[in-house]
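The values are calculated or read from the model by the stated rules, or taken from the named source; none is laboratory data. Quick caveat, the model's predicted, so the values are computed rather than measured. Note: ideal-geometry Cβ built from the backbone for every residue, glycine included; neighbour counts use all protein chains shown. Just the protein is used for accessible areas: all its heavy atoms, side chains included, with ligands, DNA and RNA removed. Shrake-Rupley method; radii C 1.70, N 1.55, O 1.52, S 1.80 Å.
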Amino acid sequence: MKWMLTVAYLLFMFAPLTATSNKVIAASIKTSKEPTTAENLKSPRALLIHGSITSPIYVDSENNVPEHLVEFGFFHSGWTVDEIAEVSQFTTFVDVYYNEIDIMKAARSHGLKIWVQIAPIFFDGYPTYRKRADYLERWELARKRLEPFSDIIIAFDPLDEPFHRSKLNNQTLKLYLEEIAQLVKESFPKAKRAITFMNETVRKSNFKKIIPKKYNLFAVNYYVGESFQQQLVEKLMVKTSHLDVKYYLIPRAFKTSNRGFGSISESQLISQAKQAYDFAIANPKVIAIYPFVWESIFGKDDYYLGVDNLERVQEEYRKIGHAISNTR
């Protein structure tokens, strides 16, 4: 009996160490494997957890995603509280405006982070996007409301495509953007400060002179063409290589009646998703994939069908999103 108690004691003492060792070994094996390409990604297995409410959890399907690629989410994925539960199944964050407190609470309750749009605080809106006179007062009010969510904020975005949208001259806008970045950094030092550039901005010969240097997360968008715009992203990387920045990718994920964007099939959108993912896993400075767009938009003259209405495209992005989010 005494020897049985001794064995039981030893098993009790060493069990945590064994479990920890197994986790370390598994992690070591996973990191030593080649990254799983988009073509070879496997869908996760869903396990149903039965209780008062039956809900699925997803088990990683042994996809190997490099450690640098940590975030996945969609533009316009946090427009309503109702859609948070659905996107939370395969994303790590949602896109929210600074004053949408209920959506932030819903995001937190579903284990999501937030990417915060703050343009209305600092700019007067369409069509001029000029500097607000009371931006400091507006920021102070917003800062206090955002503080309880500081632990889930990935990034702040001051204005989408700023050098394309704003009527301020480039140098004035650059200085204003840097002031905004400083305000954000002082209050939320752990959050990224992100800017999405329009393709025409990146192609300009004077682009390096107008880059706001207090930002540390960049992207470029261009939605025309059948393929993911890898060369344009590489151009952005080269022109900002002197800065300590990371990048996010914005593949096109919509169909539209707007002829300016050209026609595109779901198969081509799926191809763009795969190309973006493969580019991301091969480039250590890419930390996020942020497709445009989740929620469909129906305007007076044009419509934009997002991933919420494109079943096959959504299936591909679910696979990519699960691979990234399930290993983080």
Restricting attention to the range 314-325, does a residue exist that is without any contact (Cβ under 8 Å) to a residue 40 or more places away in the chain, out of contact with any Cys (no Cβ under 6 Å at 6 or more places or on another chain) and over 17 Å from Ser227 (Cα atoms)? yes
Looking only at strands (runs of 3 or more DSSP E) that fall completely inside the range 111-211, which ones have 1 or more residues that are more than 23 Å from Leu232 (Cβ to Cβ) and of a type in the set (Ser, Thr, Tyr)? none
Can you name the residue in the range 215-261 that is basic (Lys, Arg) and in a strand (DSSP E or B) and, of all such residues, is nearest to Lys190 (Cα to Cα)? Lys246
Output the qualifying pairs, or none if there are none: Cβ atoms under 9 angstrom, residues six or more apart or on different chains, first residue in the range 168-182 and within 15 Å of Thr201 (Cα to Cα), second residue assigned to a helix (DSSP H, G or I) and open to solvent by 40 Å² or more (accessible area, probe 1.4 Å). Asn170/Lys209; Gln171/Lys209; Lys174/Lys209
Out of Val233, Val184, which single residue is crowded, with 18+ Cβ neighbours inside 10 Å and farther than 30 Å from Leu305 by Cβ? Val184
Name every residue in the range 86-134 that is open to solvent by 70 Å² or more (accessible area, probe 1.4 Å), within 30 Å of Lys319 (Cα to Cα) and aromatic (Phe, Trp, Tyr), in order of residue number. Tyr97
